[in-house]
Amino acid sequence: TTGVNVDQEFIRRIAVNRPGGKGGAARSFESLAELAPGAQNDQYGVCINGATWPENGYVVDGLSTNDPAFGINASPLSIEFVQDVNVVTGGYLPEFGRSTGGVINAVTRSGTNDFEFGSEIVWEPNFLQAHKTDRPGILGRYDEYDRQNYNVYASGPIIQDKLFFFALYEFRD
């Protein structure tokens with residue numbers, strides 16, 4: 001198979017906003033697909049190996065999240081919920097037979113035996129945003145304001161060594 005595996009440590013170190021694409025301001029896990037060889041961003045999503053964005057397979061924890069009517073990702077999960085993302089651009093197994101482009105597989109975060117709490121602020125000032133030409137696309141045009149994402153999370157055990165929780169609250173300004 002060909003592709004790339006992106007873990008949580010890598011996700012924390014890079015900015016993943018794709019203002020031109022679908023869910024651009026949302027820091028969605030599908031925006032990580034651009035890191036894979038053969039993948040490129042277009043105005044509506046990610047094209048893999050020449051296939052258009054509705055021809056990709058989107059999987060979260062083994063469950064297909066493709067919209068049955070349009071083929072797009074029906075669950076744009078925030079990357080703060082994601083432990084790692086595996087983008088397969090070629091040679092994937094028959095279980096992903098409904099996709100002709102690539103497969104974007106996300107594994108969500110889970111708790112551990114240790115309690116963890118944290119917060120994060122992602123700030124994207126307007127003067128660092130790329131300015132768009134006169135093509136509004138599906139989601140409209142760029143705003144002229146700074147963008148901020150605020151995240152607060154907690155994780156830990158419910159029953160030691162058996163049952164865990166992970167909770168995240170995300171607010172976008």
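Hey, with R₀ at 35 Å, roughly what FRET efficiency would residue 7 and residue 171 work out to, going by the Cβ-Cβ distance, to 0.05?
Calculated transfer efficiency: 0.90.
Order 109, 172, 98, 13 by their accessible area, 1.4 angstrom probe, all chains in place, largest first.
Ranked list, largest accessible area first: 98, 13, 172, 109.
Mind checking the full-extension length gain between residue 162 and residue 96? Use 0.36 nm per residue of separation minus the Cα-Cα distance, one decimal, nm. Write down the numbers at each step before the final one.
Working: separation 66, 0.36 × 66 = 23.76 nm, distance 3.07 nm.
Stretched fully, the residue 162-residue 96 segment lengthens by 20.7 nm.
Can you tell me the FRET efficiency between residue 61 and residue 123 if r is taken as the Cβ-Cβ distance and R0 is 45 Å, rounded to the nearest 0.05? Walk me through the numbers before you get to the answer.
Working: r = 30 Å, r/R0 = 0.66.
Efficiency computed from Cβ-Cβ geometry: 0.90.
Work out Dmax and Rg for the range 61-116 from the C-alpha atoms and quote the Rg first, both in angstrom.
My reading of the Cα-based Rg and Dmax gives 13.5, 42 Å.
The values are calculated or read from the model by the stated rules, or taken from the named source; none is laboratory data. These numbers were taken from a predicted model, which means no experiment stands behind them. Cβ: placed from backbone, ideal geometry, glycine included. Neighbour counts: every protein chain shown. What goes into the accessible areas is simple: the full protein's heavy atoms, side chains included, and nothing from ligands, DNA or RNA. Shrake-Rupley method; radii C 1.70, N 1.55, O 1.52, S 1.80 Å.
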